[in-house]
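Novice: Just passing along the structure, written as structure tokens.
The values are calculated or read from the model by the stated rules, or taken from the named source; none is laboratory data. Note that the structure is predicted; figures quoted are calculated from it, not measured. Please note: Cβ atoms are built from the backbone with ideal geometry, for glycine as well, and neighbour counts cover all protein chains shown. Surface areas here come from the heavy atoms of the whole protein model, side chains and all, with no ligands, DNA or RNA. Shrake-Rupley method; radii C 1.70, N 1.55, O 1.52, S 1.80 Å.
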Amino acid sequence: MKMFVYSLREYDERRFFDNICGELGIEYDSTPDVPTPENIGLAEGFDVINIITCPIDEERIKALKEAGVKLIMSRTVGTDHIDKDAAARYGIPVMGISYSPNAVADYAIMLMLMGCRRLKYIQLRTIGRDYGLYGRLGKELRECTVGLYGGGDIGKTVARQLSGFGCRILICDRHPDEETSGYAEYVDRDILLSESDIISLHLSGTPENFHIIGEKEFSMMKDGVMIINTARGLLIDTKAMIDAIESGKIGFAGLDVIENEKGMYYFDHEDRILTNKDFSILNGYPNVIVLPHMAFYTEPAVRDMVVNSTVAAKKFFDREN
Ligand code: COI
């Protein structure tokens with residue numbers, strides 16, 4: 001099996017690719033760039049391409065087919081950046097992988113704590129050497145009801161890690177898990193939305209989940225609710241969220257992901273004008289923390305992304321051939 005890796009980062013991924021490909025006898029080549037119509041030709045003669053969250057549309061899929069690529073492997077959990085219908089039409093399977101769920105789970109809890117302790121506001125005031133207490137009074141997590149919308153690996157890990165804080169934990173998922181029900185109550189969506197002080201989203205970015213949180217859902221929530229999104233921007237209707245922040249319905253939002261973030265995050269925009277207006281609006285609020293989709297970014301998770309994607313691709317080819 002020959003693998004071509006796009007968006008390979010020298011500073012953290014290279015050694016993991018060298019090690020696992022050496023161990024499994026896989027020939028691989030790479031580019032630091034995302035796949036574009038111009039550089040898809042680099043994958044010619046390779047069986048699999050290994051990518052991260054760069055968009056793979058029909059044009060690229062057609063070019064991949066012509067280049068002889070037999071598998072699109074994304075070293076990510078979500079594969080919503082790939083046009084799966086087009087891939088199916090061209091007969092190219094698409095795979096994602098799982099990696100340390102603690103990476104995202106820890107980050108979600110970090111954002112909950114930052115919200116509870118009004119960290120952004122405190123930091124902003126501290127820059128101007130205002131060390132007063134007024135307006136900084138925090139909440140304790142143990143007194144909050146935390147609702148986890150989505151109970152896959154990450155949602156379940158958040159529930160387990162949160163159990164040490166002593167808060168009431170609600171979780172909404174069609175497939176209750178025995179271990180998780182030891183520290184979280186499985187509830188339906190309406191209870192989760194209406195009884196939680198903090199709502200953390202752990203759903204995938206499928207078309208069915210598009211704007212799963214919108215005006216109606218915000219109206220069901222408690223006043224001053226905290227919203228944490230470390231999953232996918234498309235889960236929240238951004239315009240409705242901005243209205244809910246401005247009306248005070250949302251007391252804090254911790255957003256590692258936002259709508260239309262593709263092409264913005266993971267690049268240096270220091271000398272460019274950002275055109276994502278919602279990003280600029282959200283970033284300007286003292287009670288909203290916007291982060292550049294980095295919840296996944298820990299050493300164990302990066303290692304898992306490289307190793308698990310390479311091993312899964314190899315297994316796929318060993319099975320097929
Ligand atoms: C995923 O694995 O689905 C992520 O969101 C992380 C990716 C941005 C590298």
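Novice: Taking only pairs six or more apart or across chains, which ones have beta-carbon atoms under 6 Å, a first residue in segment 163-178 that is touching a residue at least 12 places away in the same chain (Cβ under 8 Å) and not assigned by TED's automatic domain parsing to the domain that holds residue 204, and a second residue that is crowded, with 19+ Cβ neighbours inside 10 Å and assigned to a strand (DSSP E or B)?
Specialist: Pairs found: none.
Novice: For segment 68-80, state whether one or more residues are of a type in the set (Lys, Arg) and within 16 Å of the ligand (Cβ to nearest atom). Break it down stepwise before answering.
Specialist: First, the residues of segment 68-80 that are of a type in the set (Lys, Arg): 70, 75.
Keeping just the survivors that are within 16 Å of the ligand (Cβ to nearest atom) gives 75.
Scanning segment 68-80, I find at least one residue that is of a type in the set (Lys, Arg) and within 16 Å of the ligand (Cβ to nearest atom), so the answer is yes.
Novice: Report yes if residue 270 is charged (D, E, K, R) and surrounded by fewer than 16 Cβ atoms within 10 Å (Cβ to Cβ), otherwise no.
Specialist: Values: charged (D, E, K, R): yes; surrounded by fewer than 16 Cβ atoms within 10 Å (Cβ to Cβ): yes.
When the stated conditions are applied, residue 270 passes them.
Novice: Within segment 123-147, take every residue that is of a type outside the set (A, V, I, L, M), open to solvent by 60 Å² or more (accessible area, probe 1.4 Å) and in contact (Cβ under 8 Å) with a residue 12 or more places away in the chain and give me the one that is nearest to residue 226 (Cα to Cα).
Specialist: 139
Novice: Please go through segment 234-246 and pick out each residue that is open to solvent by 10 Å² or more (accessible area, probe 1.4 Å) and either in contact with a helix residue (DSSP H, G or I) (Cβ under 9 Å, 6 or more places away or on another chain) or within 25 Å of residue 104 (Cα to Cα) (or both). Spell out the reasoning first.
Specialist: Step one: of segment 234-246, the residues open to solvent by 10 Å² or more (accessible area, probe 1.4 Å) are 234, 237, 239-240, 242-243, 245-246.
Hits for segment 234-246 are 234, 237, 239, 240, 242, 243, 245.
Novice: Specify the residue that is farthest from residue 157 (Cα to Cα); the eligible residues are those in segment 176-193 that are assigned to a loop (DSSP other than H, G, I, E, B) and open to solvent by 60 Å² or more (accessible area, probe 1.4 Å).
Specialist: Residues of segment 176-193 assigned to a loop (DSSP other than H, G, I, E, B): 176-179, 183-184, 187-188.
This time we only want the ones that are open to solvent by 60 Å² or more (accessible area, probe 1.4 Å), so: 176, 178-179, 183, 188.
Values: 176: 13, 178: 13, 179: 11, 183: 11, 188: 19 Å.
Only one residue tops the list, namely 188.
Novice: (1) touching a helix residue (DSSP H, G or I) at 6+ places or on another chain (Cβ under 6 Å); (2) open to solvent by less than 40 Å² (accessible area, probe 1.4 Å); (3) part of a loop (DSSP other than H, G, I, E, B): which one isn't true of residue 151, the others all being true?
Specialist: The single condition residue 151 does not satisfy is (1).
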